[in-house]
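Visitor: Have a look at this one before I ask anything.
Please treat every number below as a calculation from the coordinates, not as lab data. Because the structure is predicted, anything quoted here is derived from the model rather than measured. Cβ: placed from backbone, ideal geometry, glycine included. Neighbour counts: every protein chain shown.
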Amino acid sequence: MKRISLFSCVILCLGLLGMGLLQKPYKSVAGKFSVLFPKPPTEGSQDVPTDVGNIKMYSFMAEVSDAKVFMVAYSDYDEKLMEAAEPYTVLRGSRDGVVTQFQAEIDSEKESKFEGYPCIDFVASGDTYFTSYKLILVKNRLYQIGILKIGSAVSKADQAFISSFKLTK
């Protein structure tokens, strides 16, 4: 009886590891977030041209196949500029940039709060690209948490990555 229980426990743990549920969260001290990537991400940064000038974007990407990428990115905007901006207008502009970049159309969208901060969640699809995204505006910092797939929609299981995102101090 104990053998079967131990065997069942090992199988259950291996299954949970395969789904990423028992892995250690990836933490970014500078980014002030944690998230459960399916594998260790590659970190990078780049200057992104915007209507208000170049903004540095810090990115964390885990490419699990040629057809699926998990990503978190953040950018810090000028504080005074963001104090005057309407948060959901900023988030909609970012959403539109993502959708345009991937030549997709929005399938569903929800505006809400994430830990008290303005947030937009959306799913979009096109001829080639499918994405599920969360955009969060924390004061002057814009977080982008997304999954990009080629050829098929993002699964519910993959969306657990987005749900695992947490703000840290």
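Visitor: Whole percent per 5 Å bin, from 0 to the bin with the longest distance: what is P(r) over all C-alpha pairs of the chain?
Guide: Bins of 5 Å from zero give 1, 8, 16, 20, 19, 15, 8, 5, 3, 2, 1, 1, 0, 0 percent of pairs.
Visitor: Quick one: which of 122-129, 59-66 comes out on top by average Cβ neighbours within 10 Å, and what's the full order, highest first?
Guide: Highest to lowest by the protection proxy: 122-129, 59-66.
Visitor: If contacts are Cα pairs under 8 angstrom and at least 6 residues apart, what is the relative contact order of region 25-167 in percent?
Guide: Taking the mean separation of contacting Cα pairs over the length of region 25-167, I get 23 percent.
Visitor: Could you tell me how far the Cα centroid of region 49-87 sits from the Cα centroid of region 96-148, in Å?
Guide: About 11 Å separates the Cα centre of region 96-148 from the one of region 49-87.
Visitor: I've got another one for you. Need one number: nm distance between label points at residue 24 and residue 105, each 7 Å from Cα along Cα→Cβ, rounded to one decimal.
Guide: Roughly 4.6 nm, to one decimal.
Visitor: Less than 16 Å apart at the alpha-carbon level, and either on another chain or at least 8 residues along: which aspartates and glutamates does that give for residue 56?
Guide: Partners found: 43, 47, 76, 78, 79.
Visitor: Moving on. For region 65-109, report the convex hull volume of the alpha-carbon atoms normalised per residue, in Å³, without decimals.
Guide: Hull volume normalised by residue count: 107 Å³.
Visitor: Something else now. Rounded to the nearest 500, what is the 222 nm mean residue ellipticity of the chain from helices alone, with -39500 (n - 2.57) per DSSP H run of 4+ residues and division by all residues?
Guide: Roughly -8500 deg cm²/dmol at 222 nm, from the helical runs in the chain.
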